[in-house]
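Visitor: Here it is: the structure, laid out below.
The values are calculated or read from the model by the stated rules, or taken from the named source; none is laboratory data. This structure is a prediction, so every number in the text was calculated from the model and none was measured. Glycine also receives a Cβ, built like all others from the backbone with ideal geometry; neighbour counts cover every protein chain displayed. Each accessible area value is taken on the protein alone, full model and side chains, heavy atoms only, with ligands, DNA and RNA left out. Shrake-Rupley method; radii C 1.70, N 1.55, O 1.52, S 1.80 Å.
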Amino acid sequence: MAWIEEQENNKNQKFIYWAFCILLSIKLKFEKKEKFMGKKFLLAMAFILLLSCAPAYADMSLTIAPSQQTIGIGETAEVDIILSGLVDDPELTEFWVEISYDETILSFGGGTTSVEADDINFDPDRTGLINIEVLQITSNPQPYPEWTLATLTFSGVEVGTSLLELNTALSSFPTNDGVGLTIMTFNNSTITVVPIPGSCLLLLSSLGFIGLARRVKKQ
């Protein structure tokens, strides 16, 4: 689906480019008669051309997936940090992502990344905060156009619900062209810890439904 959207985007850019060329040729024919309008025309066409050639990063999002999970005390849960919405193949040089969580409910167990880099850190530098630093990237994550940047592991230590929240101000994605990526949407996640393991809770729920069904049948 993403590949189809990319092709449609390229077609639209080509259409705008050729439309610009045709309009420009018409403008040149009437340049002598319309000198005053000519400058405005060129500025407008230059703006359209700039928009058509610019990378379409408007829909890029950074997401913690899945959006919600339930685990028992002592059980573990994994979440992925996903960069999506790319319609170009930018070359990251490094990136930083900061995530906060409730340390009274969850314990951070570490992380992994699919990115090949010379310097990778998952640093819980302050209580309830994780700084993901991936520096001197040698190979972009795959597959494109949706990148799983990292996978984090948490374990439940106390009953409650913890929000996993992306720090929008401290998330940075420099690229080798010096422009960098601008993330428009940040999607957070939650992990709920229950008193008993989730699998046991599911089993008890099933047994309860079976018992209720038998009572209804007898009546």
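Visitor: Select from region 101-119 the residues that are part of a strand (DSSP E or B) and either out of contact with any Leu (no Cβ under 8 Å at 6 or more places or on another chain) or surrounded by fewer than 17 Cβ atoms within 10 Å (Cβ to Cβ) (or both) and list them in ascending order.
Guide: 106, 107, 109, 110, 112, 116, 118, 119
Visitor: State all residues of region 120-142 that are within 27 Å of residue 156 (Cβ to Cβ) and open to solvent by 40 Å² or more (accessible area, probe 1.4 Å); if no residue qualifies, say none.
Guide: Hits for region 120-142 are 120, 121, 122, 123, 124, 125, 126, 127, 133.
Visitor: Still on this structure: Considering region 70-95 alone, what residues qualify as being out of contact with any Pro (no Cβ under 9 Å at 6 or more places or on another chain) and open to solvent by 50 Å² or more (accessible area, probe 1.4 Å)?
Guide: 70, 76, 78, 91, listed by residue number.
Visitor: Further question: Has region 165-179 got any residue that is open to solvent by 60 Å² or more (accessible area, probe 1.4 Å), modelled with pLDDT under 65 and either of a type in the set (S, T, N, Q) or within 18 Å of residue 71 (Cα to Cα) (or both)?
Guide: Scanning region 165-179, I find no residue that is open to solvent by 60 Å² or more (accessible area, probe 1.4 Å), modelled with pLDDT under 65 and either of a type in the set (S, T, N, Q) or within 18 Å of residue 71 (Cα to Cα) (or both), so the answer is no.
Visitor: Taking only pairs six or more apart or across chains, which ones have beta-carbon atoms under 7 Å, a first residue in region 161-187 that is free of Cβ contacts under 8 Å to residues at least 24 places away in the same chain, and a second residue that is aromatic (Phe, Trp, Tyr)?
Guide: Filtered contacts from region 161-187: 168/186; 180/173.
Visitor: For region 148-164, which residues satisfy the criterion of being crowded, with 19+ Cβ neighbours inside 10 Å and among the hydrophobic types (A, V, I, L, M, F, W, C)?
Guide: Passing the criteria: 149, 150, 152, 154, 164.
Visitor: Then there is this: Please indicate, with yes or no, whether at least one residue in region 122-137 is in a strand (DSSP E or B), over 19 Å from the mean Cα position of the chain (by Cα) and in contact (Cβ under 8 Å) with a residue 40 or more places away in the chain.
Guide: Within region 122-137, one or more residues are in a strand (DSSP E or B), over 19 Å from the mean Cα position of the chain (by Cα) and in contact (Cβ under 8 Å) with a residue 40 or more places away in the chain.
Visitor: From the list 56, 77, exactly one residue is on the phi < 0 side of the Ramachandran plot and either modelled with pLDDT of 90 or more or in a strand (DSSP E or B) (or both). Which is it?
Guide: 77
Visitor: Looking at region 83-97 only, could you name the residues that are among the acidic types (Asp, Glu) and either closer than 21 Å to residue 131 by Cα or not in a loop (DSSP other than H, G, I, E, B) (or both)?
Guide: 94
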